[in-house]
Amino acid sequence: MEIEREQYILNQIQAAGTVQVEELAQELGVSLMTIRRDLSNLKEKGLIERCHGGAILKQEVPYSSKIIANSAEKNKIAQTAMRYIHKNDTVFLDAGTTTYHIANWLLDRDDLTIVTDDLQIACLLAKSNMQVFICGGYIQKNTGCVMGTFANQMIDNFCIDVAFVGAAAIDDQFNILTPTIEKIDLKRQIIKSSSQTYLVTGKDKFNKRAIMKINSAADYTGIITDMCFTEKENQTLREEKITIISVQ
């Protein structure tokens, strides 16, 4: 029963980015003390981080789980992203399954230069006629992302025309968050090295929490998403001058 509860809690955190002790206790029909003990066990295993009244995601969701989730929606986002890629561009594709869909749409191109920090994307585009660069560094094995000092330095040496960046979580203030501290500098460097940078993310990443802040949605040229925002959220987007590119 304890193992089943812990798996349920992990599933809830992966889906929402955060959980609350009282809500879990009600859903599972157990005491607050039992839930707190479960959360302590998960924290000791390095899977979550405790926060006030609950817990938030600490580890990235494995690539194998992400690639099959919301595939049709990710493909629509990728199709929309094609509008912003022009002939002879140098394009950066961040690690992630939405950007993998973008790579799929580029397979027949031969005029682009691709830079990526994603092993899966690099292997896919190795079959194309494009020039492909993969960042050096160490590999986050569950996601296939290459990161670290060498990756950051390599991105710094490129003049990128357009970059497409993924997100693990976006909170209600439109801060871009990550459970992986090493990705903070890498994501910030992508923006510095790119003339235009688009956040490509599905609606499931909004109103979620993670332990580290990368930057604000306002730091990007635009956000390509299938998310439908409330009037209050749209007001905040206008005030913060955040450009939303809606996917139909």
Report task. Please give the net charge around residue 247, taking every other residue with its beta carbon less than 12 angstrom from that of residue 247, where Lys and Arg add +1 and Asp and Glu add -1. Result -> +2
Query raised in the report: For segment 104-227, what is the charge dipole size about the Cα centre, in debye to the nearest 20, if Lys and Arg each add +1 at the Cβ and Asp and Glu each add -1 at the Cβ?
Result: 360 debye
Query raised in the report: What ranking, highest mean first, results for peptides 28-35, 86-93 when packing means the other Cβ atoms within 10 Å averaged over each residue?
Result: 86-93, 28-35
Requested in this report: Give the accessible surface of the chain per residue, rounded to a whole number of Å², with probe radius 1.4 Å and ligands, DNA and RNA excluded.
Outcome: 49 Å²
Query raised in the report: For residue 134, what is the net charge nearby, where nearby means another residue's Cβ is under 12 Å from its Cβ and Lys, Arg count +1, Asp, Glu -1?
Result: -2
Report summary line: Carbon/sulfur accessible area of segment 96-248, % of total, 1.4 Å probe, equals 47 percent
Query raised in the report: Which of (1) 18.1; (2) 18.8; (3) 19.8 is the computed Kirkwood radius over Cα pairs in Å for the structure on display?
Result: (2)
Query raised in the report: In whole angstrom, how far apart do the alpha carbon centroids of segment 105-119 and segment 27-56 sit?
Result: 42 Å
Query raised in the report: Which shape class applies to segment 63-206: rounded if a/c is under 1.5, otherwise prolate when a/b exceeds b/c and oblate if not, where a ≥ b ≥ c are the square roots of the Cα gyration tensor eigenvalues?
Result: rounded
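The values are calculated or read from the model by the stated rules, or taken from the named source; none is laboratory data. Small disclaimer: the values here were computed from a predicted structure and weren't measured. Here the Cβ is made from the backbone with ideal geometry for all residues, glycine too, and neighbour counts use every protein chain on show. Keep in mind that these areas ignore ligands, DNA and RNA; they rest on the heavy atoms of the full protein, side chains included. Shrake-Rupley method; radii C 1.70, N 1.55, O 1.52, S 1.80 Å.
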